[in-house]
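Structure, as structure tokens:
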Amino acid sequence: MAAALLKDFIAEGVSRLGTLYRDREAASLVNILCEEILGVRRYTHVTDPLFEIPEEILPGLEDCLRRLCDGEPLQYILGRQIFCDRTFKVTPAVLIPRQETEMLVGEALEWLADKTDARVLDLCTGSGCIAWSIALSRPGTAVTAIDISEEALEVARSQEFEDLHAEGVIPPRFLQADIFGKWRPDEDGPFDLIIANPPYVMVSQRAQMQRNVLEYEPHVALFAPEDDPLAFYRAIAAWASTCLKDGGLGLVEINDALGLETAAVFRDGNYKKCSVLKDVFDRCRAVRFTK
């Protein structure tokens, strides 16, 4: 197989992705793919228009492009995603960590800043991105994380970081549990903080979702029950009533269309200071409450 020019490969890739993405997003995806697989700069095809893709790498690169054109998320193709400045392993068993969820982690880290030996419970942990980000950023903090999917927990447990063995860092404890079941008090806790990014997309919102999300990311981590879009939040409120310390904090990511309704779930559960937190785009992003 003859070698191909990088600039031609990128141009072809952007053209083929045009049916799924806008030109700028398509160009970004192809450039990131080439940067990760070839180790080139995103501008190499401009500064060195005669740069050739090595023959032995081209078949693998073309296969990755084919997967992109089929709608598969780039993160699953590469097997990783950046979250809170760390690289997390991702597979189709877990939801791809989103930048908007970093706001939730930021709120948690700020609250934990002056606390020692804190205990944190992360519900619906998925890839473990929230659990690991808290544990690594706040040495001495003990994080327990649960998920119903054993496949997701395998991904969460397999995460590797350079600062994992830093002084005081306690690796999260990952447990399989159903959030609609009851908390087992013999496991861990009570907790100073409960945090969760549960499934919250309504089935009625499917038509608004991109193909790469709808066809590839795990529906169990995306969709709330069709007949009760707030079911997970009621379950979280029930768990918090059992295992959150008095004065403890709760933080949950939410569907931006259900901000007030989600806050009402916790207010009706006799939690205090229930408030909706908005992101930089003025969208309802999280609910904060105390016990």
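The values are calculated or read from the model by the stated rules, or taken from the named source; none is laboratory data. These numbers come from a predicted model, not from an experiment. Virtual Cβ from ideal backbone geometry, glycine too; neighbours counted across all protein chains shown. Surface areas here come from the heavy atoms of the whole protein model, side chains and all, with no ligands, DNA or RNA. Shrake-Rupley method; radii C 1.70, N 1.55, O 1.52, S 1.80 Å.
Quick look at the numbers
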{"read-out": "Helices (runs of 4 or more DSSP H) within segment 184-291 that include 2 or more residues open to solvent by less than 10 Å² (accessible area, probe 1.4 Å) and either in contact (Cβ under 8 Å) with a residue 60 or more places away in the chain or acidic (Asp, Glu) (or both)", "value": "231-243"}
{"read-out": "For Phe88: the one exception among (1) free of Cβ contacts under 8 Å to residues at least 40 places away in the same chain; (2) under 27 Å from Phe223 (Cα atoms); (3) among the aromatic types (Phe, Trp, Tyr)", "value": "(1)"}
{"read-out": "Residue in segment 130-141 that is among the hydroxyl-bearing types (Ser, Thr, Tyr) and within 26 Å of Glu36 (Cβ to Cβ) present", "value": "yes"}
{"read-out": "Gly126 being more than 19 Å from the chain's Cα centre (by Cα), crowded, with 17+ Cβ neighbours inside 10 Å and small (Gly, Ala, Ser)", "value": "no"}
{"read-out": "Candidates Ile179, Ile170, Ile146 - the one that is surrounded by 14 or more Cβ atoms within 10 Å (Cβ to Cβ), touching a strand residue (DSSP E or B) at 6+ places or on another chain (Cβ under 9 Å) and not in a loop (DSSP other than H, G, I, E, B)", "value": "Ile146"}
{"read-out": "Lone unmet requirement of (1) over 21 Å from Glu215 (Cβ atoms); (2) surrounded by fewer than 18 Cβ atoms within 10 Å (Cβ to Cβ); (3) modelled with pLDDT of 95 or more for Leu61", "value": "(2)"}
{"read-out": "Scan of segment 7-55 for residues that are within 11 Å of Leu65 (Cβ to Cβ), surrounded by 18 or more Cβ atoms within 10 Å (Cβ to Cβ) and either touching a Pro at 6+ places or on another chain (Cβ under 9 Å) or of a type outside the set (A, V, I, L, M) (or both), ordered by number", "value": "Phe9, Gly13, Cys34"}
